[in-house]
Amino acid sequence: MENNQRAQWGSNFGFLMAAVGSAVGLGNIWGFPYKLGANGGFAFLLIYLILVVVVGLATMLGELAIGRITGKSAVFAYRDLAKKWTFLGYAGVAAGFFILAFYSVIGGIVIRYMVSFLLEMFKSGAGFLGMGSGEYFGYFISNAGGSIFFHALFMAITILIVMGGVSGGIEKFCKFAMPALVVILLIVIIRSITLPGAGAGLAYIFKPNLEPLSTLSGFFSVLRTAAGQMFFSLSLGMGCMITYGSYLSKKENLMTNSIFICIADSTVALLAAIAIMPAVFAFGLEPGGGPGLLFVTLHEVFTSGMGGFVGSLFGFLFYLLVFFAAVTSSISLLEVCASFFIDKQQLEGKKADRKVISGIIGAIIFVVGIPVAMDGLGGGSIIKETFWFNKWGFIDFYDLISEGILMPLGAALMSVLIGWKLKTKIISDEVAASGKGIKLKAYKFWDICFRFVVPIGMLLVLWGQFLDFGLI
Ligand code: PFF
């Protein structure tokens, strides 16, 4: 069926679960909680939410609309709308390709931790070999064979789901995984905030701390951190939402869907912070971000902090949650790449075999991810010392290409295309296709967003990324 007819979501709920699934990912869990605490708490939250409304929401609406107007994935959608801008679609596919290459390595480690906690529930030492949290993480990432094996496993799961198709694979999985994720998150929150000493963690994330905002440079630093986190978290700037929007029926309301996805992603990010930080503080640990938080600090929370069977049970539940978050995002990344080739074949009048295409692309991305797995997540290894870009290690290098350059540029240029060349009316007409149009005042708001706010916001992100990667 899907081979010669373009795929569609089975229901609007299914689409929403897939889109929110894409948005809610590792970014929400290892990025948001820490950045919230370190950059001003409540003040950061406020700035973050404003950015979601004036930059994120418009970009989300723009991407979904472009997908639905054309009924095609990123490259062909741009080609249909403005031939000269086709490169934006390619940039998106390339970004998805490189993000998935390292995302899958991390997803593999998540599987390893999930399985280890499951084993620990039955026999102490069976999962983490009696090692402490820092020691085990160091041991695991420096063991290339193990990292590659779990990277392969994670990629295989991603490929299998994408092979199942849009409604039969992606939608089906997300309709189950996303509600399950929310339930587990709520269970973990209840445990976390009822721990003695949890209040310090809540204070860390919520107490307004105006210190980081007290200087102009401090304010800009918080602004670009929030903007960078926001657009990666919402899966924007690489055609993912264009692709998902292209499978959406004309009768669904783009505006309410965009609002739902943005609210759901921000809510889960906040809930992740409420689940994680109180537990970290309750056991006197230092908050941090990235893999250190996910695999060392939180491991410590479950083993030394909670301890015993209960600790292992919560450890298992937590990494299961992270696994769901990571897979529902990784399938969207693979779909962006696979849908390009599927559409290409169909447009050339050939029969597109989704299974073969997703299998081959997934396998190539797996191979490209191998250096990340061999590289100890950039922690210093033979590869890092041998290659010309030894400054970063592979994970940072891939991250620089995708999140650092292609994605913010992609979002900025998409917005310029909509606001200046195609004109915002193209979006409002598409929103009106479901029967409910945009009022004049709202139209003016979106027009200003597309023409000015989003491009400026994204240039801010780009500037921030260049600073973070030490390029300027
Ligand atoms: N939004 C995902 C996260 O927060 O981890 C990452 C991501 C997925 C970015 C899919 C872009 C994308 F197309």
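All of the numbers you see were taken from the coordinates with simple rules; none came from a lab. Keep in mind the model is a prediction, meaning the values are calculated, not measured. Don't worry about glycine lacking a Cβ; one is built from the backbone with ideal geometry, like all the others, and counts go over all protein chains shown.
What does the highest-first list of 117-129, 54-66 look like by mean Cβ count within 10 Å? Intermediate values should be presented prior to the final figure.
Numbers: 117-129: 16.5, 54-66: 26.8.
Going from most to least packed, we get 54-66, 117-129.
Sort 251-258, 90-97 for me by packing, meaning the mean count of neighbouring Cβ atoms within 10 Å per residue, highest on top. Could the numbers behind the result be given before it?
On the way: 251-258: 18.6, 90-97: 24.4.
In decreasing order of mean packing, 251-258, 90-97 become 90-97, 251-258.
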Notebook entry, point to check: Cα centroids of region 45-99 and region 145-192: how far apart, whole angstrom?
Noted result: 24 Å
Margin query: Exceeding 32 Å between C-alpha atoms, which entries from my cross-link table qualify? They are Lys35/Lys123; Lys251/Lys355; Lys355/Lys425.
Written below: Lys35/Lys123; Lys355/Lys425
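Just the projected area, averaged over all directions, of the convex hull on the alpha carbon atoms of region 405-472: how many nm²?
Details: hull surface 20.1 nm².
Average of the hull's projected areas for region 405-472 equals 5.0 nm².
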Note to self: Given a Förster distance of 30 Å, report the FRET efficiency between Ala200 and Ile448 from their Cβ-Cβ distance, rounded to the nearest 0.05.
What the structure shows: 0.15
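Between Ile263 and Arg6, what is 0.36 nm times their sequence separation minus the Cα-Cα distance? Round to one decimal in nm. Walk me through the numbers on the way to the answer.
Details: separation 257, 0.36 × 257 = 92.52 nm, distance 2.92 nm.
So the chain would gain 89.6 nm between Ile263 and Arg6.
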Notebook entry, point to check: Taking the Cα-to-Cβ direction at Phe176 and at Trp463 and moving 7 Å from each Cα, how far apart do the two end points lie in nm?
Noted result: 4.8 nm
Check: Can you work out the FRET efficiency for the pair Lys351 and Lys250, with r the C-beta to C-beta distance and R0 = 30 Å, to the nearest 0.05?
Finding: 0.70
Notebook entry, point to check: By per-residue mean of other Cβ atoms within 10 Å, what is the highest-first order of 411-417, 238-244?
Noted result: 238-244, 411-417
Next item on the list: Obtain the nm distance between the two label points defined at Trp420 and Leu471 by a simple spin-label model: each point lies 7 Å from its Cα along the Cα-to-C-beta direction.
Entry: 2.0 nm
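Just to be sure I understand the rule: take each whole DSSP H helix in the chain, project its Cα atoms onto its long axis, keep it if the span is 27 Å or more and its mean Kyte-Doolittle hydropathy is at least 1.0. Which ones pass? Display every interim value, and only then the final one.
On the way: long enough: 86-122 (54 Å, 1.66); 144-163 (28 Å, 2.09); 172-193 (32 Å, 2.06); 254-282 (42 Å, 1.90); 308-347 (57 Å, 1.44); 354-374 (30 Å, 1.91).
The answer, listed by residue number, is 86-122, 144-163, 172-193, 254-282, 308-347, 354-374.
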Item checked: Separation between Cα centres of region 253-308 and region 193-227, rounded to whole Å -> 15 Å
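Output needed for region 233-312: three equivalent-ellipsoid semi-axes, defined as square roots of 5 times the C-alpha gyration tensor eigenvalues, in descending order, whole Å. Kindly include the intermediate steps, with their values, before the conclusion.
Values: eigenvalues 277, 33, 26 Å².
Listed largest to smallest, the semi-axes of region 233-312 are 37, 13, 11 Å.
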